[in-house]
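Contents: one structure, followed by commentary.
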Amino acid sequence: MGRLSATSVKATKEPGRYGDGDGLYLVVTPSGSKSWVCRVQKNGKRRDIGLGSVKKVPLALARERAVKTRMQVEVGIDPVSERRKEAGIPTFREAVSLVFAENKASWKNQKHRAQWLSTLERYAFPIIGDLSISELDGHHARDVVAPIWLEKPETARRVRQRIGSIVDWAIGKGYRTLPLPLAAMDKSLPRIKSKPVHHAALPYAEVPQFLSYLRGGDSIGRLALSVLILTATRSGEVRGATWDEIDFEKALWTIPAERMKAGREHVIPLSPPALALLQKAATYREARSPLVFPGQRGAKPLSDMTLTKICRDAKIEAVPHGFRSSFRDWVAEETTFDGD
């Protein structure tokens with residue numbers, strides 16, 4: 001027989017833990033609420049497993065649940081996971097699959113669908129994949145995005161937003177009642193000090209049409225801007241390019257460290273269209289200049305304003321540097337590659 005009785009359980013008001021025997025405890029909190037806990041131990045590890053509120057679980061049922069819990073632990077079964085399965089509440093991994101299945105028909109772009117799923121598989125599943133969607137909290141989401149918060153802020157933002165969407169779906173399905181405290185989570189993460197300068201960019205879907213426009217003229221400036229677009233490089237890197245940096249046989253453009261903003265050598269694989277543009281530029285090559293895109297004086301590179309003026313003449317709301325942003329958006333929306 002246990003030490004507690006139905007009468008004593010009802011009469012007990014003082015906060016504390018009251019043992020019934022065999023690991024079953026009545027827990028009374030300072031606020032007066034009462035619940036059942038089963039304390040189990042396996043392989044030297046102690047664990048308290050909740051069995052429900054006294055209002056819903058009488059003493060006799062609490063004893064039955066305690067026996068079942070101890071038996072499950074003894075044979076290596078996780079009682080909490082089993083109870084979750086019985087209640088039909090999915091894990092985060094299962095919830096992602098359900099949300100993906102419900103929404104994929106509305107996502108017309110196949111690559112976008114793959115990227116939506118791959119970011120969660122790569123960053124969230126290893127940490128919270130097997131956690132019940134009802135138990136997921138802000139600190140769990142923080143653990144997912146914290147490692148990439150500073151290194152890959154845009155990826156972290158997308159993962160954070162997608163985790164929030166999964167939780168919102170779970171609320172709608174009745175698996176939980178509260179959303180994630182994302183605002184508080186953001187404040188707990190390191191502050192990103194440097195904010196990127198946003199240059200006016202052309203939507204990536206309009207870039208092919210602009211490239212066709214550039215092919216309609218025949219000038220060093222248009223060739224330079226076309227190469228800039230196809231290689232996602234900066235204006236200064238293109239305008240300062242020299243012929244010894246271009247390897248036509250290997251289709252590589254190697255920009256030395258001293259010409260790179262990050263101070264590291266950068267090797268760019270040249271696509272066939274980019275290679276063709278450079279071969280065309282070679283027909284303008286001047287013996288007195290090592291520059292791929294020399295200015296009017298030959299010894300000096302093209303002016304930055306030359307490329308900007310081409311954009312203005314085309315009447316587009318974009319600047320040369322903005323095509324790097326167009327490229328990043330294309331990668332994010334049309335491919336499954338990581339942004340880096």
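Summary table below
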{"read-out": "Three principal axis lengths of the chain [C-alpha, angstrom, descending]", "value": "102, 39, 36"}
{"read-out": "Taking region 223-316 and dividing mean pair separation by its residue count, relative contact order in percent (alpha carbons under 8 Å, at least six apart)", "value": "29"}
{"read-out": "Charge dipole (debye, nearest 20) of the chain; +1 at Cβ of Lys and Arg, -1 at Cβ of Asp and Glu", "value": "1140"}
{"read-out": "Hits among lysines - C-alpha to C-alpha of Lys187 under 30 Å, sequence gap 8 or more where chains match", "value": "Lys152, Lys173, Lys195"}
{"read-out": "Charge sum, other residues only, whose C-beta stays under 12 Å from Gly32's C-beta, Lys/Arg counted +1 and Asp/Glu -1", "value": "+2"}
{"read-out": "R0 of 30 Å, Cβ-Cβ distance Ile127-Glu206: FRET efficiency to nearest 0.05", "value": "0.20"}
{"read-out": "Compactness of region 57-131 as Cα Rg over 2.2 N^0.38 Å, two decimals", "value": "1.60"}
{"read-out": "The chain, relative contact order [Cα under 8 Å, separation at least 6], %", "value": "13"}
{"read-out": "Radius 14 Å from Cβ of Ala332, net charge of other residues (Lys, Arg +1; Asp, Glu -1)", "value": "+2"}
{"read-out": "Amide H contacts of Thr242 (H built 1.01 Å from N, under 5 Å, at least 5 apart or other chain)", "value": "Val292"}
{"read-out": "Phi-based couplings in Hz for region 314-328 (Karplus 6.51, -1.76, 1.60; Gly and Pro marked x)", "value": "7, 6, 10, 8, 7, 10, x, 5, x, 5, 5, 5, 4, 5, 4"}
{"read-out": "Karplus (6.51, -1.76, 1.60) ³J(HN,Hα), θ = phi - 60°, over region 30-42, in Hz, Gly and Pro reported as x", "value": "x, 7, x, 6, 10, 8, 9, 9, 10, 8, 10, 9, 9"}
{"read-out": "Computed [θ] at 222 nm, helices only, for the chain once each DSSP H run of length n ≥ 4 contributes -39500 (n - 2.57)", "value": "-13000 deg cm²/dmol"}
{"read-out": "Cα gyration tensor, region 194-246 - rounded (a/c under 1.5), prolate or oblate", "value": "oblate"}
{"read-out": "Spatial separation of Cα centroids for region 285-340 and region 1-70, in angstrom", "value": "70"}
{"read-out": "Prolate/oblate/rounded label for region 1-79 (Cα gyration tensor, a/c 1.5)", "value": "prolate"}
{"read-out": "For region 224-315: rounded, prolate or oblate by the Cα gyration tensor [a/c cutoff 1.5]", "value": "rounded"}
{"read-out": "Paramagnetic reach from Gln296 in region 205-223 [backbone N under 18 Å; point 7 Å along Cα→Cβ]", "value": "218-223"}
{"read-out": "Pairwise FRET efficiency - Phe248 versus Arg328, Cβ, R0 = 25 Å, nearest 0.05", "value": "0.35"}
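Read-outs: derived from the displayed coordinates by stated rules, not from any lab. No experiment lies behind these values; they were computed from the predicted model shown. Because the Cβ atoms are built from the backbone with ideal geometry, glycine has one as well, and the counts that use them run over all protein chains shown.
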